[in-house]
Amino acid sequence: MTQFSIVVPALNEAGNIDLLLTRLSALNFAPYSFEVIFVDDGSTDGAPDKVRAWRNQSNVHLIERRDKPDLTAATLAGIAAAKSDVIVVMDADLSHPPEQLPAIVTPVLNGNYDVVIGSRYVAGGSTENWPLYRQLLSRAGSWIARPLCDVNDATSGFFAFRRELAACISNHARGYKILLELLMANQGKLRVTEVPICFRDRAQGASKLSLSHQQAYIQRLITLAGGTATLNTAGRFAAVGLFGALIDAVVFQWMISRDAGLALAHFISFFVAAVTNYTFNSKWSFREHHAGYLKWHQFGRFLTVGALALLLRGGVLALLVYVWHIPPLLAIFPAIVATAAVNYLGSAFYVFPSEKDLPSLDIRWRTAAIGIVLFAILLRLVYFGLAQLIPDETYYWQYAQHMDLSFYDHPPMVAWLIWFGTAIAGNNEFGVRIGALLCGSITLGYLYALAQNLYDKSTAMRTLLLLAILPLGFGSGLLMTPDAPLVAAWAATLYYMERTLVAGQRTAWLGMGIAFGAGLLSKYTIGLLGIAALVFVILDPTARRWMQRSHPYLAALLALLLFSPVIIWNYENDWASFAFQSNQLLTDGHEFAVHFLIFHILVLLTPIGFAAALLALFSNKPSEDRPFERRRQLFVQIFTGVPLCIFFIISTFETPRFHWTGPIWLAVLPAIAWMIGQTDQVSAFARRIQASWRLTIISCIFVYAFVLHYVVLGIPGMPYHMFTEHYFWRETAGEIKQIAAEVKHQTGQEPIIVGMSKWSVASALYFYTHGDDPLDIRSRNMFGDSGAMYEYWLPSQEAADRPIIQVGMKRRHLERTRTKNDINHMLDHPGPIEYRVIERYGTPVRRVYYRISQGFKGVS
Ligand code: GDD
Ligand code: MN
């Protein structure tokens, strides 16, 4: 009897048939026997006769279709005619070597797999003789399918499967993507493997792959992802968009000509265009998907997408106008194009999604993850160089101006990154923050890999979604503080911890040593992961075996080696920074502050995130007979729980800093992401949380876009001065520079400017006044206060008979030191404390306090 059927679609393959059949029949397949079914689509080169010539000799059959030629339809016809339950599909042109058939069909025959793919894109697979453009095309084709379909070669034409699986393929399926259809229709239910093959380009005849096939392929992918992607829709959408863009540009030009300012002009023009667009799109472009009357929830979604596009385009506009000095009247066009893309994708996938064959929840989450992660990245890319630095970043920039092995209040990584970034991009916001972006991408990569190792690809994608939208992830990937490299190193260390302790990989210890060492160079908190690892090893017998081997110790040694710059610096500086770190914990006012810790966590994780984290940590009870699930849960619990406990204990006697717990949540994100995807056996509470994620995600991303637009361009109708005195140092420093110039003009002497805070005011002034004609800036340690690194950079507290300009964020900062010493008597003829109102584009943003004195009598 026949054990499997080889279906060979063929169109004008006369030159190949004899050779194919010769090679197939040369295969020794005992004890199996097979049939070969050629499906011809009206070939005109005599191919059917070639097949017929073989018919009486062996198990060769011919189907001659009379319908419109189509690869998928032909293949399905062949499958329908097959006599056996196992099918192999292969090309007729010998691109798929018949000799590799056994490797592909055997795993299905013996029941180990449901689908086996002859894959060009796994180790050992290759393509030969294909022109470069075909290779690139094919690579791109399989690459864009990867987010949806978990195989490397989803467009392969050489595969084996159990016949009943084909029943799910729609009769409407067309073109070159039958494997993709097969996999997607049965997703999550299949055991799939890929066997490497060597694909050789045909020697005879020509390829039938056309542009329309490729287009159909992309459309089909969009539909499978839950989008609406008929060509009509895109065309009509583009027509409406063009009209909308015209209105947008005209209104914008008009507003600019009336001196409205960038923000107001682009807001108004956007709204006028958006209302027009929505009307046309709902009545025309997406009319099939629109009820015909105004659906509030759909309109709400439309507004959400529009608002996000608008807030993003403010950044594009600012980048073009402020950084590249393109006139606003021209800059509006690229800005419109950028937002049209966001609007189109948002409309196709979110506002007017495909309703006919809605993909599974799992796929919809994947689509959402891709869209939102990309948007969050785009937002960061557009704004990171535009938003002014916060004082902390200017302080770390000061580190980089005094490069050293380490620093008093932090290890050196942040300084090295800023040094590197500013060496490339200059001493500006771009240069300072490039490092943070880099760290953000490293975090994304490692966390994805960790989640994929612990759970699966869908979970990994949702993990990135969480990382992108939760404040802890968005913040650390944007602002250049020690937390940026810390979070990256933390994610990397977690990844290697899992590889070594859970998966038992020896070589991962090397990565662990490097990641942990890099973490120590970023911020000492990463040490908590070391403690967590110890606890894990004590509790987990399998991991405990590592204790008797040399790898963990070598990794620790490697980390210590990387950490040695910090040790050398401390050795040379009386262990100042170690003393500082432990003092900070032990001496600063003792006070119960657990409530602060919880409040901070609620901000870093959002309330839903916090609830989900607790649920993931405590309610998830894997069954005892699944050792991997048990160990995975232990891993998540220990690597989140141990650092968390330590922070809880510390906060019973010490006020925690806001961002402290940021990185510890990285380990629980995969578990949260996994729970989001669970559908059965979910408690009512967990279901509630699942349902709340949508709102949390949208609110978070909206808030970031809003805040970034606000600090860079402002939001029309919203005053600025609700902002604090901590920000807008560019304008503030400009004002101080002016005051200094006035003083110099009046007295003929170069004034000394003293930032009246530990380090923030002085650093911000340094950053925003640096250049040809630098000011003489000191920090508050001049008056006997602590000044962190300024005690090393500018230790002088000696008297000076030059004018003194104190600058502070608050009035009281100018009068007393932190230890409540009166500053007045250290000053020679102190003037009154005054303030100036700082303006930005003509609107008041903040105040800065200052006082001019004739001289400094020294610390007394
Ligand atoms: N019956 C029928 N009807 N057969 C067809 C039709 C059709 O409309 N179109 C193509 N075929 C047959 C060809 O005769 C050949 O046997 C096989 O399908 C593959 O077609 P080619 O034209 O040789 O495709 P290719 O070599 O460019 O593409 C290969 O790589 C793609 C991925 O990059 C194939 O393996 C594709 O299946 C694969 O998707
Ligand atoms: Mn071919």
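Could you grab me the full set of residues in the stretch 202-213 that are within 10 Å of ligand 1 (Cβ to nearest atom) and either part of a helix (DSSP H, G or I) or among the basic types (Lys, Arg) (or both)?
ARG202, LYS208, HIS213
Are any residues in the stretch 637-677 over 24 Å from ALA484 (Cβ atoms), of a type in the set (Val, Ile, Thr), in contact with a helix residue (DSSP H, G or I) (Cβ under 7 Å, 6 or more places away or on another chain) and assigned to a helix (DSSP H, G or I), and if so, which ones?
Answer for the stretch 637-677, where residues must be over 24 Å from ALA484 (Cβ atoms), of a type in the set (Val, Ile, Thr), in contact with a helix residue (DSSP H, G or I) (Cβ under 7 Å, 6 or more places away or on another chain) and assigned to a helix (DSSP H, G or I): ILE638, ILE676.
Would you please name the residue that is nearest to the chain's Cα centre (by Cα), looking only at residues in the stretch 72-86 that are under 25 Å from ALA216 (Cα atoms) and either hydroxyl-bearing (Ser, Thr, Tyr) or more than 8 Å from ligand 1 (Cβ to nearest atom) (or both)?
Once the filter is applied, the top-ranked residue is THR72.
Filter the stretch 116-127 down to residues that are within 12 Å of ligand 1 (Cβ to nearest atom) and in a strand (DSSP E or B) and give me whichever is surrounded by the fewest Cβ atoms within 10 Å (Cβ to Cβ).
If we take residues in the stretch 116-127 being within 12 Å of ligand 1 (Cβ to nearest atom) and in a strand (DSSP E or B), then THR127 is surrounded by the fewest Cβ atoms within 10 Å (Cβ to Cβ).
Being under 30 Å from ALA340 (Cα atoms), within 12 Å of ligand 1 (Cβ to nearest atom) and part of a loop (DSSP other than H, G, I, E, B), is that true of even one residue in the stretch 180-199?
Scanning the stretch 180-199 turns up no residue that is under 30 Å from ALA340 (Cα atoms), within 12 Å of ligand 1 (Cβ to nearest atom) and part of a loop (DSSP other than H, G, I, E, B).
Could you tell me whether any residue of the stretch 38-55 is under 18 Å from PHE159 (Cα atoms), in the same structural domain as ILE178 (by TED's automatic domain parsing) and either among the aliphatic types (A, V, I, L, M) or away from ligand 1 (no atom under 16 Å from the Cβ) (or both)?
yes
Identify all residues within the stretch 160-179 that are among the aromatic types (Phe, Trp, Tyr) and within 9 Å of ligand 1 (Cβ to nearest atom); write none if there are none.
TYR176
Provide a single number: the residues in the stretch 133-159 that are crowded, with 16+ Cβ neighbours inside 10 Å and either more than 14 Å from ligand 1 (Cβ to nearest atom) or assigned to a loop (DSSP other than H, G, I, E, B) (or both).
Final tally of qualifying residues: 12.
Is there a residue being crowded, with 16+ Cβ neighbours inside 10 Å and under 26 Å from GLY787 (Cα atoms) anywhere in the stretch 637-653?
Checking the stretch 637-653: at least one residue is crowded, with 16+ Cβ neighbours inside 10 Å and under 26 Å from GLY787 (Cα atoms).
Residues of the stretch 165-203 being within 16 Å of ligand 2 (Cβ to nearest atom) and farther than 27 Å from LYS68 by Cβ, which ones?
Listed by number, the residues that qualify are ILE197, CYS198, PHE199, ARG200, ALA203.
Among the numbered criteria (1) assigned by TED's automatic domain parsing to the domain that holds TRP254; (2) part of a helix (DSSP H, G or I); (3) touching a residue at least 60 places away in the same chain (Cβ under 8 Å), which single criterion is violated by ILE370?
Condition not satisfied by ILE370: (1).
Restricting to the stretch 616-627, name every residue that is in a helix (DSSP H, G or I), under 19 Å from ILE672 (Cβ atoms) and not polar (S, T, N, Q).
ALA616, LEU617, PHE618
Restricting to the stretch 349-376, and then to whatever is under 24 Å from VAL703 (Cα atoms) and among the hydroxyl-bearing types (Ser, Thr, Tyr), can you tell me which residue is modelled with the lowest pLDDT?
Among residues in the stretch 349-376 that are under 24 Å from VAL703 (Cα atoms) and among the hydroxyl-bearing types (Ser, Thr, Tyr), the one modelled with the lowest pLDDT is TYR350.
Just to be sure, is ARG694 within 27 Å of the chain's Cα centre (by Cα) and modelled with pLDDT under 90?
no
For GLU164, indicate whether it is assigned by TED's automatic domain parsing to the domain that holds ARG120, under 30 Å from GLY42 (Cα atoms), at pLDDT 90 or above and surrounded by fewer than 16 Cβ atoms within 10 Å (Cβ to Cβ).
yes
If you scan the stretch 143-159, which residues turn out to be under 25 Å from the mean Cα position of the chain (by Cα) and either over 22 Å from ASP456 (Cβ atoms) or more than 16 Å from ligand 2 (Cβ to nearest atom) (or both)?
TRP143, ILE144, ALA145, ARG146, PRO147, LEU148, CYS149, ASP150, VAL151, ASN152, ALA154, listed by residue number.
Which of the residues belonging to the stretch 35-92 are free of Cβ contacts under 8 Å to residues at least 60 places away in the same chain, assigned to a strand (DSSP E or B) and within 16 Å of ligand 2 (Cβ to nearest atom)?
Those that are free of Cβ contacts under 8 Å to residues at least 60 places away in the same chain, assigned to a strand (DSSP E or B) and within 16 Å of ligand 2 (Cβ to nearest atom): PHE38, VAL39, ASP40.
Being in a helix (DSSP H, G or I), within 16 Å of ligand 2 (Cβ to nearest atom) and within 18 Å of ILE87 (Cα to Cα) is the requirement here; does GLN100 meet it?
It is true that GLN100 is in a helix (DSSP H, G or I), within 16 Å of ligand 2 (Cβ to nearest atom) and within 18 Å of ILE87 (Cα to Cα).
I'd like the residue in the stretch 707-728 that is touching a Leu at 6+ places or on another chain (Cβ under 7 Å) and part of a helix (DSSP H, G or I) and, out of all such residues, is surrounded by the fewest Cβ atoms within 10 Å (Cβ to Cβ).
Applying the filter and picking the extreme gives VAL712.
Quick check, is ALA415 crowded, with 22+ Cβ neighbours inside 10 Å and either in the same structural domain as ALA309 (by TED's automatic domain parsing) or within 30 Å of ILE568 (Cα to Cα) (or both)?
Yes: the conditions hold for ALA415.
Just one of GLY662, GLY677 is crowded, with 18+ Cβ neighbours inside 10 Å and at pLDDT below 95; which is it?
Answer to the selection: GLY662.
Just to be sure I understand, how many residues within the stretch 336-382 are touching a Lys or Arg at 6+ places or on another chain (Cβ under 7 Å) and not β-branched (Val, Ile, Thr)?
4
Could you tell me whether the stretch 103-125 includes any residue that is among the acidic types (Asp, Glu), more than 15 Å from TYR217 (Cβ to Cβ) and within 15 Å of ligand 2 (Cβ to nearest atom)?
Looking for residues that are among the acidic types (Asp, Glu), more than 15 Å from TYR217 (Cβ to Cβ) and within 15 Å of ligand 2 (Cβ to nearest atom), one finds none in the stretch 103-125, hence no.
The values are calculated or read from the model by the stated rules, or taken from the named source; none is laboratory data. Given the structure is predicted, the values throughout are model-derived calculations rather than measurements. Positions of Cβ are backbone-derived with ideal geometry, glycine not excepted, and every protein chain shown enters the neighbour counts.
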